[in-house]
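Scroll down for the structure; my scribbles are underneath it.
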Amino acid sequence: MTSDPITARITDYANRADPYPLYAELRKTPVRREDDGTYLVSTYHEVRSLANDPRLSNDTRNRPPGYARPGQPEEESGLPPSFIFTDPPVHDRLRDTINRPFGPPHSPGFLDSLRGELARVVTELLDSFEGKDEVDIVEDFSYPLPVTAICKVLGVPREDEPRFHGWADALASALDPRPGGGDDGQEKGQRARQELGSYLSDLIETKRRHPGPGILSALAPDMTPADLEATAVLLLVAGHETTVNAITNTTLTLLRHPDVLDRFLRNPDLAVPLIEEVLRYEPPVQFVPWTTALADIDVAGTTIPEGSPVWLMLAAANRDPQRFLDPDRFDPDRKDNEHLGFYTGIHYCFGAPLARIELHLAVPELFRRVRFSRLLEDPPPYRANAVLRGPRHLRVAIDGVTA
């Protein structure tokens, strides 16, 4: 037991710009118990093992009474938990059903069919940089693209996309586990959940009567309206906020490493290992704070008692020197880069294929067309959320845009 609540330091906004020294400190005790009974697991092999352990539950209803439960606004809205907050067999049934229209083997061409329209969105966003000497990468580029992508996946009419921005922000804030500081975020999350739920309920009913493009139409015959609504909310948060952060973190990392950027400009084929290295080095999801031990679990010489809340520290594990050589160095030539940027196990990021498509469309074209001058703020201001970590703004000076 420790009297030093490192969870409070991790969630403290003062450490948002650079949480990695805290993670290094945390790894000295691979399984650490906080005074409130929370266990933090921070080393690579231990995190990976627990993420694949059926004795660790994602269902927040298994949390001890009175303990913070990320995702709670769904429950308070009367909807079932979305599948990320369920365990087998419910999780497996829902995920398998949802995957049928989303990807292989049932719909192998669905995501590829989105490439053309998403590429056009990238072009339009970069065209809007013309005549400017300063842009905000978040507001002007990395934020608009993923909301278009997830709305295309769901089948949301293009004119309704702007409404999803505020909803996505509020719902993501509800995942923030800040001790004593998350009440406002939970309230905003619930209001957004209710507004979005009302919108989605009408849209799902419309899709039932008049099927159209997108997975809501495809799933309507096979899922209850409540399960489908909860799934749509999950896809909005998971498919939007994480990709915004991934694109922004990649941009910031490259601008901070001009030697790598120069190589990338000369060799666009570097995109694949470069993006995977950013997902290790600056993962968009820093940790998973909603798991609970369903039984006593022995790990790294420590027993996590049944009923204990567990935080799996993905970003700390991604920089574990026992797994990655020189882990604090950004190295796109890194071999065997089996990072946890998209998690692992049965809860591996459902939207990872879509996120990678967006990253590979957005990042090479951004740096091909835009002549960057310098970062205007470094570190930039970050979002409040410690779980879905990324800059709130990324202001850069530019010297023009090529065709």
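The values are calculated or read from the model by the stated rules, or taken from the named source; none is laboratory data. What you are looking at is a predicted structure, and each value in this text was computed from that prediction instead of being measured. Cβ atoms come from the backbone with ideal geometry, glycine included; neighbour counts cover every protein chain shown. Accessible surface areas use protein heavy atoms only, side chains included; no ligands, DNA or RNA. Shrake-Rupley method; radii C 1.70, N 1.55, O 1.52, S 1.80 Å.
Collect residues whose amide H, placed 1.01 Å from N in the peptide plane, falls under 5 Å from the amide H of residue 400; neighbours closer than 5 in sequence don't count.
Counting only residues 5 or more places away or on other chains, the set is 371.
Which value in Å does the Kirkwood hydrodynamic radius of segment 278-403 take, with 1/r averaged over all unlike C-alpha pairs and then inverted? Walk me through the numbers before you get to the answer.
Details: mean 1/r = 0.0572 Å⁻¹.
Evaluated on segment 278-403, it is 17.5 Å.
Below 18 Å, Cα to Cα, which aspartates and glutamates can residue 207 reach? Residues fewer than 8 away in the same chain don't count.
159, 160, 161, 222, 227, 229
Ignoring ligands and nucleic acids, what accessible area does residue 120 show with a 1.4 Å probe (Å², nearest 10)?
In the full protein context, residue 120 sits at about 140 Å².
With +1 on each Lys and Arg Cβ and -1 on each Asp and Glu Cβ, and nothing else charged, work out how big the dipole of the chain is about its Cα centre, in Debye to the nearest 20. Could the numbers behind the result be given before it?
Values: 45 positive and 62 negative charges, 90 e Å.
The calculated dipole for the chain is roughly 440 debye.
Taking the Kirkwood radius as the inverse of the mean 1/r across Cα pairs, report the Rg/Rh of segment 245-321.
1.19
As a test question: what accessible area, to the nearest 10 Å², does residue 148 have when a 1.4 Å probe is rolled over all protein chains in place?
10 Å²
Within the chain, what whole-number % of the accessible surface is contributed by carbon and sulfur, with the 1.4 Å probe and all protein chains included in the calculation? List each step's numbers first, then the result.
Details: 8190 of 16180 Å².
The C+S portion of the solvent-accessible surface of the chain is 51 percent.
What fraction, in whole percent, of alpha-carbon pairs in segment 292-355 exceed 13 Å separation? Walk me through the numbers on the way to the answer.
On the way: 1472 of 2016 pairs.
Of all Cα-Cα distances in segment 292-355, 73 percent exceed 13 Å.
Hey, can you grab everything whose amide H is under 5 Å from the amide H of residue 376? Only 5+ residues off in sequence or another chain; H modelled, so Pro and N-termini drop out.
HN-HN under 5 Å from residue 376: 395, 396, 397.
For residue 271, what is the net charge nearby, where nearby means another residue's Cβ is under 14 Å from its Cβ and Lys, Arg count +1, Asp, Glu -1?
Value of the local net charge: -2.
Tell me which aspartates and glutamates have Cα within less than 13 Å of residue 132's Cα, excluding those fewer than 8 residues away on the same chain?
Hits, sequence-local ones excluded: 140, 399.
Report P(r) for the chain: all Cα-Cα distances, bin width 20 Å, range 0 to the bin holding the largest distance, values in whole percent.
Answer for the chain: a P(r) of 27, 59, 13, 0 percent.
Give me the accessible area of residue 340, 1.4 Å probe, in Å² rounded to the nearest 10.
The accessible area of residue 340 comes to roughly 0 Å².
Note down the net charge around residue 124, summing +1 for each Lys or Arg and -1 for each Asp or Glu among other residues with Cβ under 14 Å from its Cβ.
Overall, the nearby charge balance is -3.
May I ask you to give the solvent-accessible area per residue for the chain, in square angstrom, as obtained with a 1.4 angstrom probe?
Working: 16180 Å² over 403 residues.
In whole numbers, the chain has 40 Å² accessible per residue.
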